[in-house]
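Colleague: Here's a structure for you.
The values are calculated or read from the model by the stated rules, or taken from the named source; none is laboratory data. Given the structure is predicted, the values throughout are model-derived calculations rather than measurements. All Cβ positions, even for glycine, are placed from backbone atoms using ideal geometry, and neighbour counts span all protein chains on display.
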Protein chains: 2
Amino acid sequence: MTAPKSRIGIIGAGAIGGFYGVMLARAGYDVHFLLRSEYETVLQNGLQINSAVHGSMQLDSVQAYRTPAQMPKCDWLLIGAKSTSNSDLAPLIAEAAAENAKVVVLQNGLGVEETLRQVLPDNIHLLGGLCFICAHRSALGVVEHQALGGVNLGYHSGPASAAEQQSLVEEGVSMFRAAGVDSNAATNLAQARWQKLVWNLPYNGLSVLLDAGTEPLMKDPNSRALVRSIMLEACGAAAACGEPLPDALVDRMLMATDHMPNYLPSMYHDHVNGRPMELDAIYAAPLAAAAGVGFAMPKTEALYQALRFLSARAL
Amino acid sequence: MTAPKSRIGIIGAGAIGGFYGVMLARAGYDVHFLLRSEYETVLQNGLQINSAVHGSMQLDSVQAYRTPAQMPKCDWLLIGAKSTSNSDLAPLIAEAAAENAKVVVLQNGLGVEETLRQVLPDNIHLLGGLCFICAHRSALGVVEHQALGGVNLGYHSGPASAAEQQSLVEEGVSMFRAAGVDSNAATNLAQARWQKLVWNLPYNGLSVLLDAGTEPLMKDPNSRALVRSIMLEACGAAAACGEPLPDALVDRMLMATDHMPNYLPSMYHDHVNGRPMELDAIYAAPLAAAAGVGFAMPKTEALYQALRFLSARAL
């Protein structure tokens, strides 16, 4: 006999929340979506994932809510909303959470758990999730999934003992795997976040600044060299912050990106659609962490300063 | 009795060649223009300078030529064409030059005299001219002059002794001053070129990358900080290359730019009009010079790499 499947809440159904929510619902999990701008459309049309990996997936009867008060309490909460709204989200998350719920922050950048932790009740387990996925929302309730899809999980903070932490992470990993999602435990969440930044720091910002996806950025020798040196700055910063990364990481990431379809990261879509870019979590926080230990990231900083200019002008 | 005024040839009548050529012609100098794409228009309509400083200036009967063979030999030749065409220009310059002519390279960047020197006859005096002017060409034969206008001159190479070099530079300075153009001798041309780069390195590239003139770049604290740090890299590189610049230079330039009208540098106009950007002279040459003495300019290099990407994509 198997244990009853967990009840899962998805906060925000952009590309990330939509994709993982639909994958988990298809696998039989009881999935509930807390939505804002997409509520009406999703209630009417359901959620649609156009996946180059899994084919077309449609979730017709979406359990969608406008407020957490209407939602059943959830054992797992996956945060797919933008990190720019984390402080507004915290009370909603707390309200949607069952006792001792596991909250997984599926966001990029540094310090995203800390922001939430400060405003979440102590009895909530907070985990970080690193998503390795090429996906974007093409319309309300419609997600284009181009490639990849894995999620690595690490325990951030909460009432669990070390042994319990491991078992909670394994529970989350099993849940994703049961839904056909590649998943692994990140034994060191801080290091895993830096590792993810090695990819996000060059591609997110340069896609905006140069109006280009990964393919042209990798093809041109100058932008490729720029990508590489920003990656090396990120590795140097990680090491300086006490989270050294594998030596071969940069070349491995470049090669992996070479084999990806031409990908426009979420920051590109945010910018062209007039939404705020996640500059604090993805750029300001790692730059501040590096500066705090006296490590300079000049090319990353130049990129960040240019993006801030564009962001201010877009207001 | 005064000496007969020199015969002056202008090679290329974009904003720089057009402005200084008209100023000198108005002062009674015998000015001849070697033109390519503008030849027909200038012959028909003359040259027009819309100057915020001097008012509207029209030169009706322009002595314009398509080839140097048709031109009278000139004592002074002012090179206002883009540095991107220097190697093509050299034979034309040599042909238009009187014996012992003075050739003044009115271009930005580093190494622009060296490129020409290699292909010019030994008996030609080569000088560098640093233009401090806000001007751009708005149409064939029409130049908008927004502010400033000075030219500093320095001797680069040629048959002159040290004393003769000084006297030739003074002759050029007097010529410009007689035409109402502020002009001074640059005792150290290499240092003067670096000093000019302190301004060009941030503003030229960022205007292209961020689609912005000096005013918005200075107003936003992030782009202003980026401008400043690129200026500091340029000063560091100049010092490392043996051409230290005054300590107060960066703050002085920032303040001067604050007081300028909103200005879009020539690189911006080149890029939006599909002309090649002067990336070699303005970026690649100083980066190579700095790298040659082990000095890193990471933010400048990041900007250059981004510009190269845009330049390649524009082809």
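Colleague: If you scan segment B:111-129, which residues turn out to be over 17 Å from B:Gln165 (Cα atoms) and either buried (at least 23 other Cβ atoms within 10 Å of the Cβ) or among the charged types (D, E, K, R) (or both)?
Modeller: Matches in segment B:111-129: B:Val112, B:Glu114, B:Leu116.
Colleague: Among the listed residues B:Ser266, B:Ser207, identify the single one that is in contact with a Phe, Trp or Tyr (Cβ under 7 Å, 6 or more places away or on another chain) and crowded, with 19+ Cβ neighbours inside 10 Å.
Modeller: Details: B:Ser266 fails: in contact with a Phe, Trp or Tyr (Cβ under 7 Å, 6 or more places away or on another chain).
Only one candidate qualifies: B:Ser207.
Colleague: While we're here: Which of (1) away from every other protein chain (no Cβ under 14 Å); (2) modelled with pLDDT of 95 or more; (3) over 21 Å from A:Leu126 (Cβ atoms) is the odd one out, the single condition A:Leu148 does not satisfy?
Modeller: The number of the failed condition is (2).
Colleague: If you take the residues of segment A:216-246 that are small (Gly, Ala, Ser) and surrounded by 16 or more Cβ atoms within 10 Å (Cβ to Cβ), which of them is nearest to the other protein chains (Cβ to nearest Cβ)? Let's see the steps before the verdict.
Modeller: Quick first cut of segment A:216-246, residues small (Gly, Ala, Ser) only: A:223, A:225, A:229, A:234, A:236-240, A:242.
The next check asks that each one be surrounded by 16 or more Cβ atoms within 10 Å (Cβ to Cβ); those that pass are A:223, A:229, A:234, A:236-238, A:240.
Details: A:Ser223: 4, A:Ser229: 8, A:Ala234: 14, A:Gly236: 12, A:Ala237: 14, A:Ala238: 18, A:Ala240: 16 Å.
Here the residue is A:Ser223.
Colleague: Filter segment A:184-201 for residues that are under 27 Å from A:Val227 (Cα atoms) and in contact with a helix residue (DSSP H, G or I) (Cβ under 6 Å, 6 or more places away or on another chain) and give the result.
Modeller: If the condition is that a residue be under 27 Å from A:Val227 (Cα atoms) and in contact with a helix residue (DSSP H, G or I) (Cβ under 6 Å, 6 or more places away or on another chain), then A:Ala186, A:Trp194, A:Leu197, A:Val198, A:Trp199, A:Asn200, A:Leu201 are the ones that fit.
Colleague: Say whether the condition of being under 30 Å from A:Gly9 (Cα atoms), among the aliphatic types (A, V, I, L, M), modelled with pLDDT of 95 or more and part of a loop (DSSP other than H, G, I, E, B) is met by at least one residue in segment A:244-251. Working first, answer last.
Modeller: Just the residues of segment A:244-251 that are under 30 Å from A:Gly9 (Cα atoms), to begin with: none.
Within segment A:244-251 (the criterion being under 30 Å from A:Gly9 (Cα atoms), among the aliphatic types (A, V, I, L, M), modelled with pLDDT of 95 or more and part of a loop (DSSP other than H, G, I, E, B)), the answer is no, since none of the residues qualifies.
Colleague: If you don't mind, there's one more thing I want to ask. Which ones in segment A:135-156 are more than 18 Å from the chain's Cα centre (by Cα) and either of a type in the set (Asp, Glu) or in a strand (DSSP E or B) (or both)?
Modeller: A:Ala139
Colleague: Also, quick follow-up: Among the candidates A:Val142, A:Val151, single out the residue that is closer than 29 Å to A:Val198 by Cβ and among the β-branched types (Val, Ile, Thr).
Modeller: On the way: A:Val142 fails: closer than 29 Å to A:Val198 by Cβ.
After applying the criteria, what remains is A:Val151.
Colleague: What are the residues in segment B:212-243 that are acidic (Asp, Glu) and part of a loop (DSSP other than H, G, I, E, B), if any? Break it down into steps so the answer makes sense when it comes.
Modeller: Pass one, segment B:212-243, residues acidic (Asp, Glu): B:215, B:220, B:233, B:243.
B:Asp220, B:Glu243 - these are the residues of segment B:212-243 that are acidic (Asp, Glu) and part of a loop (DSSP other than H, G, I, E, B).
Matching residues to (1) surrounded by 21 or more Cβ atoms within 10 Å (Cβ to Cβ); (2) among the basic types (Lys, Arg):
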| site | (1), (2) |
| --- | --- |
| B:Ser6 | no, no |
| B:Ala13 | yes, no |
| B:Tyr20 | yes, no |
| B:Ala27 | no, no |
| B:Asp30 | no, no |
| B:Arg66 | no, yes |
| B:Trp76 | yes, no |
| B:Gly80 | yes, no |
| B:Ser85 | no, no |
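Colleague: A further question on this structure: Would you mind stating whether B:Phe33 is modelled with pLDDT of 95 or more and part of a helix (DSSP H, G or I)? Steps first, please.
Modeller: On the way: modelled with pLDDT of 95 or more: yes; part of a helix (DSSP H, G or I): no.
In short, no.
Colleague: Go through the residues of segment B:247-259 one by one and say whether even a single one is touching a Phe, Trp or Tyr at 6+ places or on another chain (Cβ under 6 Å), more than 10 Å from chain A (Cβ to nearest Cβ) and closer than 26 Å to B:Thr187 by Cα.
Modeller: Step one: list which residues in segment B:247-259 are touching a Phe, Trp or Tyr at 6+ places or on another chain (Cβ under 6 Å), which gives B:253.
From what's left, more than 10 Å from chain A (Cβ to nearest Cβ): B:253.
Going one step further and asking which of them are closer than 26 Å to B:Thr187 by Cα, we end up with B:253.
Within segment B:247-259, one or more residues are touching a Phe, Trp or Tyr at 6+ places or on another chain (Cβ under 6 Å), more than 10 Å from chain A (Cβ to nearest Cβ) and closer than 26 Å to B:Thr187 by Cα.
Colleague: Give the residues of segment A:265-315 that are assigned to a helix (DSSP H, G or I), within 14 Å of chain B (Cβ to nearest Cβ) and farther than 26 Å from A:Ala240 by Cα, sorted by residue number.
Modeller: Across segment A:265-315, the qualifying residues are A:His271, A:Phe309, A:Leu310, A:Ser311, A:Ala312, A:Arg313.
Colleague: Now for a separate question. Suppose the filter is in contact with a helix residue (DSSP H, G or I) (Cβ under 7 Å, 6 or more places away or on another chain), touching a residue at least 40 places away in the same chain (Cβ under 8 Å), away from chain B (no Cβ under 14 Å) and among the hydrophobic types (A, V, I, L, M, F, W, C); does A:Leu206 pass it?
Modeller: On the way: in contact with a helix residue (DSSP H, G or I) (Cβ under 7 Å, 6 or more places away or on another chain): yes; touching a residue at least 40 places away in the same chain (Cβ under 8 Å): yes; away from chain B (no Cβ under 14 Å): no; among the hydrophobic types (A, V, I, L, M, F, W, C): yes.
No.
Colleague: I want to confirm something. Restricting to segment B:28-53 and keeping residues that are in contact (Cβ under 8 Å) with a residue 40 or more places away in the chain and of a type in the set (Ser, Thr, Tyr), which single residue is farthest from B:Arg66 (Cα to Cα)?
Modeller: The qualifying residue farthest from B:Arg66 (Cα to Cα) is B:Ser51.
Colleague: Taking B:Gly236 as meeting all but one of (1) closer than 29 Å to B:Val173 by Cα; (2) outside the structural domain of B:His145 (by the TED database); (3) not β-branched (Val, Ile, Thr), write down the number of the exception.
Modeller: Looking at each condition in turn, B:Gly236 falls short on (1).
Colleague: Looking at this structure, is A:Ala94 at pLDDT below 95, assigned to a helix (DSSP H, G or I) and not hydroxyl-bearing (Ser, Thr, Tyr)? Walk me through it before giving the result.
Modeller: Working: at pLDDT below 95: yes; assigned to a helix (DSSP H, G or I): yes; not hydroxyl-bearing (Ser, Thr, Tyr): yes.
In short, yes.
Colleague: Taking segment B:45-59, which residues are of a type in the set (A, V, I, L, M, F, W, C) and farther than 12 Å from B:Ala139 by Cα? Even if it seems obvious, please write down each step before you answer.
Modeller: Kept after step one, since they are of a type in the set (A, V, I, L, M, F, W, C), are these residues of segment B:45-59: B:47, B:49, B:52-53, B:57, B:59.
Listed by number, the residues that qualify are B:Ala52, B:Val53, B:Met57, B:Leu59.
Colleague: From (1) touching a helix residue (DSSP H, G or I) at 6+ places or on another chain (Cβ under 6 Å); (2) assigned by the TED database to the domain that holds B:Gly294, pick out the condition that doesn't hold for B:Val181.
Modeller: Evaluating B:Val181 over (1) touching a helix residue (DSSP H, G or I) at 6+ places or on another chain (Cβ under 6 Å); (2) assigned by the TED database to the domain that holds B:Gly294 leaves (2) as the failure.
Colleague: Quick check on A:Thr67: is it among the polar types (S, T, N, Q) and in contact with a strand residue (DSSP E or B) (Cβ under 9 Å, 6 or more places away or on another chain)?
Modeller: Working: among the polar types (S, T, N, Q): yes; in contact with a strand residue (DSSP E or B) (Cβ under 9 Å, 6 or more places away or on another chain): yes.
Answer is yes for this residue.
Colleague: Do any residues in segment B:295-315 that are surrounded by 20 or more Cβ atoms within 10 Å (Cβ to Cβ) have Cβ atoms under 8 Å from those of residues that are outside any helix (DSSP H, G or I) and acidic (Asp, Glu), where the two are at least six apart or on different chains, and which pairs are they?
Modeller: Partner pairs satisfying both residue conditions: B:Arg308/A:Asp220; B:Phe309/A:Asp220.
Colleague: Would you check if B:Gly14 is on the phi > 0 side of the Ramachandran plot and either in the same structural domain as B:Pro68 (by the TED database) or at pLDDT below 95 (or both)? Give the derivation first.
Modeller: Values: on the phi > 0 side of the Ramachandran plot: no; either in the same structural domain as B:Pro68 (by the TED database) or at pLDDT below 95 (or both): yes.
Judged against the criteria, B:Gly14 is not a match.
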